[in-house]
């Protein structure tokens, strides 16, 4: 879920022509730096098949943003259909024009991007509901998050699965900036503020370019960081029958391998990222 461009600023105007920052599209940059829909679709589909012994076909993507995950789901199999829910009309329209229409009618007809509150959901129940990129962290109280988890559960078929992700670690509460070079730009993730009394976390994404220009706060987030025990307890309270955590295996250099397992324990490293699977 791309965040709102709260306080977005473009720095470093070019002379005689627009700077690279001024010409860039923040949604394009976000997709290139943050998202990998085909890989996540493969993970979700594989885990569903492993746990339910059948192919998952229908999916609801909550906080869908541009809907590229929903699109990748529909592209992965000719029988798959996806519904993406979000409240940001501008972002939904961007996804429709820039992603769904170029994908062709055969695929686009099986992707439905709707301006709708995730608490309302759909009349149709689906095999999978997904809320990735920590989007559900916008709910800052226990009551709000429990209400959302109940809404997600209502939207699932009897053997449906709810997928989420979460991050944490010793570095999260610290003010910090991390940079990573991408093709044609530098992606920067900033922890702007963490409140130890409430676990509220403010983060921002910036993009910088070779001509010295920069998009500051291209995306901004105002979250509560939920811990894995809290998430598990709330999912069970919402009525889910079982909650699983998926941890990525690492190679000898400490890099992720793309293979996931269910750990019995997990060290609190500087930064970790986990997937959560809740069984209806």
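Values as computed for the structure displayed
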read-out	value
Candidates 213, 250, filtered to the one that is buried (at least 19 other Cβ atoms within 10 Å of the Cβ) and under 25 Å from residue 180 (Cβ atoms)	213
Residue 97, sole failed condition from (1) free of Cβ contacts under 8 Å to residues at least 12 places away in the same chain; (2) more than 25 Å from residue 219 (Cα to Cα)	(2)
Residue 113 vs. criteria surrounded by 17 or more Cβ atoms within 10 Å (Cβ to Cβ), part of a strand (DSSP E or B), modelled with pLDDT of 95 or more and touching a strand residue (DSSP E or B) at 6+ places or on another chain (Cβ under 8 Å)	yes
Filter pass, residue 200 being closer than 27 Å to residue 29 by Cβ, assigned by TED's automatic domain parsing to the domain that holds residue 23 and under 19 Å from the mean Cα position of the chain (by Cα)	yes
Any hit, the stretch 55-66, residues being surrounded by fewer than 19 Cβ atoms within 10 Å (Cβ to Cβ) and under 23 Å from residue 280 (Cβ atoms)	yes
The stretch 117-137: number of residues that are over 23 Å from residue 199 (Cβ atoms), crowded, with 16+ Cβ neighbours inside 10 Å and within 17 Å of the chain's Cα centre (by Cα)	3
Verdict on residue 219 being within 17 Å of residue 136 (Cβ to Cβ), in the same structural domain as residue 130 (by TED's automatic domain parsing) and under 21 Å from the mean Cα position of the chain (by Cα)	no
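The values are calculated or read from the model by the stated rules, or taken from the named source; none is laboratory data. Owing to the predicted nature of the structure, the values given are computational and were not obtained by experimental measurement. Positions of Cβ are generated from backbone atoms using ideal geometry, with glycine treated the same way; all protein chains shown enter the neighbour counts.
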